[in-house]
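What follows draws every value from the coordinates through simple rules; no lab data is involved. Please read these numbers as outputs of a predicted model, since none were measured by experiment. Here Cβ is always computed from backbone atoms with ideal geometry, including for glycine, and neighbour counts include all displayed protein chains.
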Amino acid sequence: MLSTLIAKTFWLPEQASTFAKSHDALFYFIYWTMVIFFVAIVGTMIYFAVKYKKRSDDDRTSPLEGNTKLELAWSILPSFLLIVMFAWGFKGYMSMLIPPANATDVHVTGYKWGWNFTYHTGDVGNNELIVPLGQPIRLIMSSEQTSPDDMAVLHSFYVPAFRIKRDVLPYRYTVLWFEATELGSFDIFCTEYCGTGHSNMIGKVIVVPPEDWEAAISSGRDFVDDGSMGTLAEFGEMTFGRAGCPACHSVEGQRLTGPALNGVFGREEAIEGGAPVMVDEDYLRESIMEPQAKIVNGYPRTMPTYAGQLSPDQIMGLVEYIKTLQ
Amino acid sequence: MSSTAIGADSHGSSGHEEKNYLNATRGLKSWIFTVDHKRIGIMYLGAILTFFLIGGLLAIAVRLELFSPDPVLTKDPSLYNKLFTLHGAIMVFLVLVPSIPASIGNFILPLQLGAKDVAFPKLNLASLWVYCIGALFLIAVILTKAVETGWTFYTPYSKDSASSVVLATLGVFILGFSSIFTGLNFIVTIHKMRAPGMTWRRLPLFVWAMYATSIIQVLATPVIAITMLLMLLERTLGIGIFDPALGGDPVLYQHFFWFYSHPVVYVMILPGFGIISELVTVHSRKNIFGYNAIAISSVSIAIIGFLVWGHHMFVSGQSPLASVIFSALTFFVAVPTAIKVLSWVATMYGGSIRFTTPMMYTFSFLFLFSIGGLTGLLLSTLATDVHLHDTYYVVAHFHYVMMGGTLIAFIGGIFHWWPKMTGKLYNEKWGNISAILVFIGFNITFFSQFVAGTQGMPRRYYTYAEQYQPWQQLSTIGSWVLALGLFTAAGVLLKSIFGGQRSPHNPWGAVSMEWETATPPIEHNFHEQPICEHGPYDFPEIDHTMGPAH
Ligand SMILES: [Cu+2]
Ligand SMILES: [Cu+2]
């Protein structure tokens, strides 16, 4: 905990993720560029203001109307600095977009007004995300409605100490990843205005030693409603059967009415009349809720929509189940 | 046109005073139905400053609530949300967008061109009344429909807000029409009604800025109309466009919104640039440094400004490729903006600088706008924007640009042209004091928000984590100093109307054409068509015997 306090500066909060250090290096590079330019501009202004302050009514002034060399210099030279900023920022941004392959998935559900975190074990935490130290975590986030007569709205998931932020969209998955480097508890804020309770939509990330993690997340909540404890994927498998998916989808490679679903996650799917798409969580969700949006090449448009019939938990389970099918 | 032509009317009808635009006709009707660009400009000025007062009082209320994370003014977060929505909507759509073009622009632009009026005087009057209707409509919608979405009206927010967002956009659209009218008028006026001899190279830079602004107005406003139409279609026919519950895409709305609203940022700032070009030259008695660069950079900012809207959406879920392109394009806007600031500072070189009230506001502008512009670098850079997006850092950044830039230039411009508009002189000492108070108050208010933001405090928060309280308190205290400064400025100007000295014909010794006619101007601006024989900044003090190196 002490080390986190030390890394905290006047400008930035403590550094608690792998992104924080590289972010802060770039931040200070731009910051000092800003300071130097500011001092140069305003310093010159003050110098001129004092030096050329009106002395008398017969002051004569310079006929200067420009200086091509100077103007070219200050138009072109700073551009190099801008290119460095852009490229550096680009590099950092890309590293935030691509999670490592061994990342652990956690589902994040934003609602009015709070956060639910669903782990692969089927455990659920409210406003408290528990993660293991030093292991990449991938958040699969969506915004869901709280009651049938209200609507899901935009939120944004922000952890200042990790320097990460991503909007959470209604009925769609967006992805965010990080790796915590400090034990402790860190603020989660919602940064996309979402109404009355926006500023109360505060949570905590709690970073625990990896060996304590499984115990820390077991909240005892049980997804599978027959009373037996089950993982998220097991819950999905059960939903898969109950919703009648096996009538059209095999999970062992045979072609039925619809394509077999094993091995589908992570591959490129050829789509009727469009560019191939990468099968990720958001694609799976869309395939179930809005089957007509993208039709797999060579298959009929016969899959019924499940919009309004599956709960967000069930969708989450189905997605996790399909991901396990190899 | 020498700086010592004090007192007498330049056209010297000795004895009795000639009638000016203010007293040529009398009665309320003579104002409401006037087609005189000067009277329209004055009425616009009155309306805009009234809304500025309302928006400012709302800001004071918002800041007061934030003095503590516990309830201060109200226990109801949704009331707080309404307050900042109203503050933002009023300041952006009713104050900043029309501010300089509709008031000072209307008044000064035809005079600077040596024209009798704008090209379409009736359209100009229509613009004013459309503005008033749009303004009342927008405020009524926000109040009665309880819109609390913030000025960006992002969808979806709640089921009930969906319909009111359509109405609020309609309000913005009506207001947009009033600016299209002004924009069209200015474009045609600048093309067709310049005095003989006034080449494009002799246009005051204020006119160039108005020209660039008008182009954006005319091109961008239709987008908000399309947005509104799409929303209406969605509501009435139930086709999913923006609403995810109907299968629409909320990110698409953000694209539409910013496609309009980012160029509008330049509608707000370019006129401020125009004013500063005038102020820094007249009060330094110098020709502008780099006339071409400043004029061209206005136009290029107007064009590039259309291509950067996606920089508001780096974390929104838009495609990463789009984010990368928008980030790169945004850096391109930085270059012409920097050229302007550097040219203004260079203009002061070798001058004879008068510390008049307009010049004090110019210093203030250069200081504050430099901070506003430079802090944008951290936001156009992708990786750092992720951390700073939607925090108080952004709030501070755009207040430094919009208030420290546009509004400070606006106030400086009002002080500069006040004698021209009213025929009265104000108290310079108190004018200077107002500039200093505003400067100090502004920095206390908004610099503290930079720190709260980089430390991670999100915007649009009714309550907040306690580690941010010192910065929030400082900011609130600053807002009182800022208010004191603004009220001082208002007091100085009001006092000059009642009991200020009669202004000489050309108190600043300016040489652009608006000073060639009487002060205040006669109803038809000029007795006969003036001829332009020199550039707008050929001051008599300039020593042409000196080599250009001096
Ligand atoms: Cu929120
Ligand atoms: Cu923008």
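Below are the figures for this structure:
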{"item": "Enumeration of residues in region B:324-364 that are of a type outside the set (A, V, I, L, M, F, W, C), surrounded by 20 or more Cβ atoms within 10 Å (Cβ to Cβ) and at the interface with another protein chain (Cβ under 7 Å from one of its Cβ atoms)", "result": "B:Ser327, B:Gly350, B:Gly351, B:Ser352"}
{"item": "Any chance B:Tyr400 is more than 19 Å from the chain's Cα centre (by Cα), over 18 Å from B:Ser277 (Cα atoms) and within 12 Å of another protein chain (Cβ to nearest Cβ)", "result": "no"}
{"item": "Failed condition for B:Val315, given (1) away from ligand 1 (no atom under 16 Å from the Cβ); (2) β-branched (Val, Ile, Thr); (3) surrounded by 23 or more Cβ atoms within 10 Å (Cβ to Cβ)", "result": "(1)"}
{"item": "Residue in region A:164-173 that is part of a strand (DSSP E or B) and more than 10 Å from chain B (Cβ to nearest Cβ) present", "result": "no"}
{"item": "Search result, residues across region B:346-363 that are under 21 Å from the mean Cα position of the chain (by Cα) and of a type in the set (A, V, I, L, M)", "result": "B:Met359, B:Met360"}
{"item": "Region A:175-189, residues that are more than 10 Å from chain B (Cβ to nearest Cβ) and within 16 Å of ligand 1 (Cβ to nearest atom)", "result": "A:Ile188"}
{"item": "Qualifying residue in region A:149-159 (condition: small (Gly, Ala, Ser), within 10 Å of chain B (Cβ to nearest Cβ) and more than 16 Å from ligand 2 (Cβ to nearest atom))", "result": "yes"}
{"item": "Enumeration of residues in region A:52-84 that are of a type in the set (Lys, Arg) and at the interface with chain B (Cβ under 9 Å from one of its Cβ atoms)", "result": "A:Lys53, A:Lys54, A:Arg55, A:Arg60"}
{"item": "Residue within region B:460-480 that is acidic (Asp, Glu), touching a residue at least 40 places away in the same chain (Cβ under 8 Å) and part of a loop (DSSP other than H, G, I, E, B) present", "result": "no"}
{"item": "When residues of region A:148-174 are limited to those that are under 22 Å from A:Met289 (Cβ atoms) and without any contact (Cβ under 8 Å) to a residue 40 or more places away in the chain, the one nearest to ligand 1 (Cβ to nearest atom)", "result": "A:Asp167"}
{"item": "B:Phe52 in contact (Cβ under 8 Å) with a residue 12 or more places away in the chain, farther than 17 Å from A:Thr196 by Cβ, surrounded by fewer than 19 Cβ atoms within 10 Å (Cβ to Cβ) and hydrophobic (A, V, I, L, M, F, W, C)", "result": "no"}
{"item": "Qualifying strands (runs of 3 or more DSSP E) (wholly inside region A:85-143; at least 3 residues being closer than 19 Å to A:Arg172 by Cβ)", "result": "A:104-111, A:114-119, A:136-143"}
{"item": "Residue list for region A:190-216, filter: without any contact (Cβ under 8 Å) to a residue 40 or more places away in the chain and either facing chain B (nearest Cβ under 7 Å) or among the small types (Gly, Ala, Ser) (or both)", "result": "A:Thr191, A:Glu192, A:Tyr193, A:Ser199, A:Ala215"}
